[in-house]
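Below: the structure, in structure tokens.
The values are calculated or read from the model by the stated rules, or taken from the named source; none is laboratory data. Remember, it's a predicted structure, so these values are computed and weren't measured experimentally. Note that we place each Cβ from the backbone using ideal geometry, even for glycine, and neighbour counts take in every protein chain shown. Heads up: the accessible areas ignore ligands, DNA and RNA and are worked out on the full protein's heavy atoms, side chains in. Shrake-Rupley method; radii C 1.70, N 1.55, O 1.52, S 1.80 Å.
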Amino acid sequence: MKVELNNEVEKPGIGEERKLADHGGGNPARRWWIVVLALVIVAAIVVSGILPRIHARADLDKETAEMAIPTVSVVHPKRGAPAQELVLPANVQAYIDAPIYARTNGYLKHWYADIGAHVKAGQLLADIETPEVDQQLRQTRADLATAEANLNLSQITATRYADLLKSDSVSKQDADNAAGDYAAKQATVQSAQANVRRLEELQAFEKIYAPFEGVITARNTDIGALIDSGSSGGSRTELFHIAQPDKLRVYVNVPEAYSQAAKPGLTADLVLAEFPGRRFPGTLVRTAEAIDQSTRTLLVEIRVSNPTGTLLSGAYAEVHLKLPTAASAFILPVNTLLFRAEGLRVAAITDGRHAELRPITLGHDFGSEVEVIAGLTGDESIVINPPDSIVTGEEVRIAQPAASGESQQ
């Protein structure tokens, strides 16, 4: 099969040439408008993409700057009370409290007062049998009688020799010997008299008397018990223990931090567990005027009147001391304190925007709160839990307190 190829290409017609001229850029002005429109569209697209980013970055910078300002909570200093109550443990003791021992050896013959007995001063409490002392007293009295007889004879001899010396009937030496013997016999009589008085006084210790008015709190002997006064090297025997309960001494160890405020004349209340709701008034009467180095406390004595004997000596009690405080003292929470190398500080806000680190001096420590005795005027707002990086002049934002409805929710 024979195929004929036509190498000639048909030329376009006149109409087709016009169409090509119209589409191919026959009009330059129209082409420029198309380019400008395309550029405007591109610019609009670019601007619409950049401007939000610029605004977003500006907002981010602003938010970052706002977040860089720390938000803090504040508290206002509370003025301290003119007097604070300090509660301390205490020991209650009788105003006079003494053990009663025997002064002589022997056997207890009888006792007349048992525990709980109210006795008067000078009342007989017990009798002790001391046969050895009785025999020694008889012997010394006999010795005294002998010495007095010898003294009488010596006196007669000395007087006679003195008369004979006047007529030279005896030598002066014999008269001097008689006078010296008389003086020696006088000394012997005085010694015997002193020994008799000593044994008489020792015999008087056979009777045990109450040294003051009070209550017998202990009886540690009974009839027939061997009494040892300890004079021969043995252990002494405490017969009775007596206390005077109409007045009580209450001893309290006051911490050193409060020692300057604990002065005589302060009022104190005594509280005991066995008397709920009751307080027994007392008065601080004296202090030790020295700090105990082992406990770092000041020992003070409080006197409490106990005319009816309601309070028992030896009881454990709590003492409520009313201590005066400084007039310029303020109370702050412990979480407002800043411990710096230069000393203790608090972050105070006075103008509502900037922090100022202020040095303070602490008074008493109440646990969750502390007393500030210097460094504050009371008009400041003190930052709670201040950051360690806070410095004077730093801008801060005070957190607004939550609404009551929100807090309840």
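For segment 68-116, residues that are polar (S, T, N, Q), more than 30 Å from ALA204 (Cβ to Cβ) and open to solvent by 40 Å² or more (accessible area, probe 1.4 Å) total 4. Only residues in segment 278-305 that are open to solvent by 60 Å² or more (accessible area, probe 1.4 Å) count as the first member; pair them with residues that are modelled with pLDDT of 90 or more and β-branched (Val, Ile, Thr), Cβ under 6 angstrom, at least 6 apart or cross-chain, and list the lot. Here the result reads ARG279/VAL271; ARG303/THR283; ARG303/VAL285, each pair linking segment 278-305 to a residue that is modelled with pLDDT of 90 or more and β-branched (Val, Ile, Thr). Name the residue that is modelled with the lowest pLDDT, counting only residues in segment 320-362 that are closer than 15 Å to LYS78 by Cβ and β-branched (Val, Ile, Thr). Top of the filtered list is THR325. The selection criterion, being modelled with pLDDT of 65 or more, charged (D, E, K, R) and open to solvent by 90 Å² or more (accessible area, probe 1.4 Å), does not hold for ARG18. In the condition set (1) modelled with pLDDT of 90 or more; (2) part of a loop (DSSP other than H, G, I, E, B); (3) touching a strand residue (DSSP E or B) at 6+ places or on another chain (Cβ under 6 Å); (4) open to solvent by less than 70 Å² (accessible area, probe 1.4 Å), GLY309 is compliant with all but (1).
Every listed requirement among (1) under 20 Å from HIS364 (Cα atoms); (2) small (Gly, Ala, Ser); (3) at pLDDT below 90 is met by ALA268 save one, (3). Filtered by the rule that a residue be without any contact (Cβ under 8 Å) to a residue 40 or more places away in the chain, open to solvent by 30 Å² or more (accessible area, probe 1.4 Å), outside any strand (DSSP E or B) and of a type in the set (A, V, I, L, M, F, W, C), segment 315-360 gives VAL334, ALA341.
Look at GLY363 and say whether it is under 23 Å from the mean Cα position of the chain (by Cα), surrounded by 18 or more Cβ atoms within 10 Å (Cβ to Cβ) and touching a residue at least 12 places away in the same chain (Cβ under 8 Å). In short, yes. Looking across segment 382-393 at every residue that is under 31 Å from the mean Cα position of the chain (by Cα) and not aliphatic (A, V, I, L, M), the one that is least open to solvent (accessible area, probe 1.4 Å) is identified as PRO386.
Hey, any hits in segment 175-190 for a residue that's over 19 Å from LEU153 (Cα atoms), buried (at least 16 other Cβ atoms within 10 Å of the Cβ) and of a type in the set (Gly, Ala, Ser)? No, because not a single residue in segment 175-190 is over 19 Å from LEU153 (Cα atoms), buried (at least 16 other Cβ atoms within 10 Å of the Cβ) and of a type in the set (Gly, Ala, Ser).
Out of VAL75, VAL46, I need the residue that is modelled with pLDDT of 70 or more and not small (Gly, Ala, Ser). Which one?
On the way: VAL46 fails: modelled with pLDDT of 70 or more.
None of the other options fit; the residue is VAL75.
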